[in-house]
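The values are calculated or read from the model by the stated rules, or taken from the named source; none is laboratory data. Being a predicted model, the structure only gives us computed values, none of them experimental. Virtual Cβ from ideal backbone geometry, glycine too; neighbours counted across all protein chains shown.
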Amino acid sequence: MEKRSEEGFRMVNSWKSILNTEAKKLLLESGRLRGKNLIKIREDRKAMILSFKEAVLWLKGFIDGVIQSVRTVSWRNALEMERKRFKVELRRNGKGWFITISEYFSARKPMVFLPEGKKTQGWKAFIRELQHFLISVNMHEKQGREQSFATLKYSE
């Protein structure tokens, strides 16, 4: 499926997943934009985040750390790359723990809320989906390298 991004660049989607945690429904899609792999994370069409592979690894590491450590309100981390700033923060309300994932660029500030779920199952399911994305990206990159190598080999 091919779409145009806000900047007018061609975007090709190759992988989709729907994640239901508590009352939240997240749609995760992988794609390519300007030759780079990315993942779109949507929360009921309210928010969208475009994260490059490096940002996905960073996000996965943060959530892994939250699961394995003592929870502290307002534990946060930020990452800047390619004119975008990503921020994750651990928060708590009357319903329990959740993580906010934000992306700052231009005047927009998309934000996704990721609830903990029972026994951290919401976060663990989200990490599994991120892992699936990373596996698909690695396979795509490996196939691209093999194809490039085969082209070089046959052109000699």
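Scanning the range 32-41 for residues that are at pLDDT 80 or above and in contact with a Lys or Arg (Cβ under 9 Å, 6 or more places away or on another chain) returns Leu38, Ile39. Among the residues of the range 102-136, write down those that are in contact with a Pro (Cβ under 9 Å, 6 or more places away or on another chain) and over 18 Å from Glu82 (Cβ atoms). Result: Gly122, Trp123. Scanning the range 96-141 for residues that are surrounded by 13 or more Cβ atoms within 10 Å (Cβ to Cβ) and among the aliphatic types (A, V, I, L, M) gives Ile99, Ile101, Met111, Val112, Leu114, Ala125, Ile127, Leu130, Leu134, Val137.
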